[in-house]
Every structure is written in structure tokens, then in C-alpha cells.
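Okay, so here's the structure we're looking at.
The values are calculated or read from the model by the stated rules, or taken from the named source; none is laboratory data. All figures in this text were calculated on a predicted structure; none of them were measured in a lab. Only protein heavy atoms, including side chains, enter the accessible area calculation; ligands, DNA and RNA are left aside. Shrake-Rupley method; radii C 1.70, N 1.55, O 1.52, S 1.80 Å.
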Amino acid sequence: MKGTLPAILGVAALVALPVASQMAADAYKDYQMANERFRAFAEYRTEQQRFADRVNAYRAFAQDVNSFMRAAERSGIVPEAWVSYDVKLENRPVDIESFDALVETTRHGEGYYFKPRMLELTTAAGRAQQQDQGPRRRSTGAGTEGVQLSLEGTYLVYDRL
């Protein structure tokens, strides 16, 4: 009987070792899957928080816009009160006084708003260079002879009804 005990323990160890190894491998696999689910959940929570922050920012922006619109309506500034004028000047010769006046009106004022689409100044030297692609002549800067203006845009003028 003395020789049978080690044999029984050896057989038991031979059976238990693969079973224990399989159980350990399954437990490690479950651990890895749980970690992956945890990372995915943490990423989901982070993305959900970012989305909630964007929604809150949009709501704050919409509230600001609505407040502005209510204030504008109370003061009488409604879309129907604005008249639109399209402007298109092409290669119009201008002197310095006219140029200053035209540029000044392209700024925004209390009762009007200019929405530019194009503003182009061309000098005689620039036109000559475009025509012959030769070297640029130096401008003395004295006067505006040969300066042409092209301007395109829309004036929105507030018409107090």
C-alpha cells in the first residue's frame, strides 16, 4: 500500500494540472474581456460627457440668440425693416475724394450694413503690366490718375417703419 499512495497522487496531479490550467486560462480571458468592456464604457462616458457639453453650449448660444432677437424685436429691428440694395461698380475711374467716400460707405454704420463680395483697385501701371507682362513701373503715389475701382456687394439699410 505504500507504493500506491504516490501513484494515486501522481494520477490526481496529472488530471488536476490540465483542469487547473484551463480554469486559469478561462479566468484570465474573462479578466481581459472585463478590462476591455471597462475601457469601452469609460470611453463611452467620456464621449457622452463631451456630447452633453456641446448640447449645453448650443443651448446657451440659442438662448443668447433668442434674447438678442427678442431685444431686436422690442426695439423695432426686424428683418422686414431692412431694405437691400445690390451694388456693382466695374472699372469705374475714381479720384481721391470719391475713393475716400466710397471706402467710407463700405464700413458699417448705425443705420446700414455693407456686405462686400468683391473690392478691387487697379492702377494704370497694374493694367499695363497685365497687358504686356513687362516690368512694373514705379508709381510716384501723387494723385489717383488712372485708378479704377471695382466694387460688388449688398447694402442693407434700416428703414424705420
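Worth a mention:
- Computed over the stretch 10-69, the ratio Rg/Rh where both radii use C-alpha atoms and Rh is Kirkwood: 1.62
- Estimated Rh, the stretch 1-100: Kirkwood, alpha-carbon pairs, angstrom: 23.1
- Accessible area per residue in Å² at 1.4 Å probe, computed on the stretch 1-96: 89
- The phi torsions of the stretch 46-54, fed into the Karplus equation with coefficients 6.51, -1.76 and 1.60 and a -60° offset, translate into couplings of 5, 5, 4, 5, 4, 4, 4, 5, 5 Hz, rounded to whole numbers, with Gly and Pro shown as x.
- Backbone geometry of the stretch 29-40 corresponds, through the Karplus equation with coefficients 6.51, -1.76 and 1.60 at θ = phi - 60°, to 3J(HN,Hα) couplings of 4, 4, 4, 5, 5, 5, 5, 5, 4, 5, 4, 5 Hz, x marking Gly and Pro.
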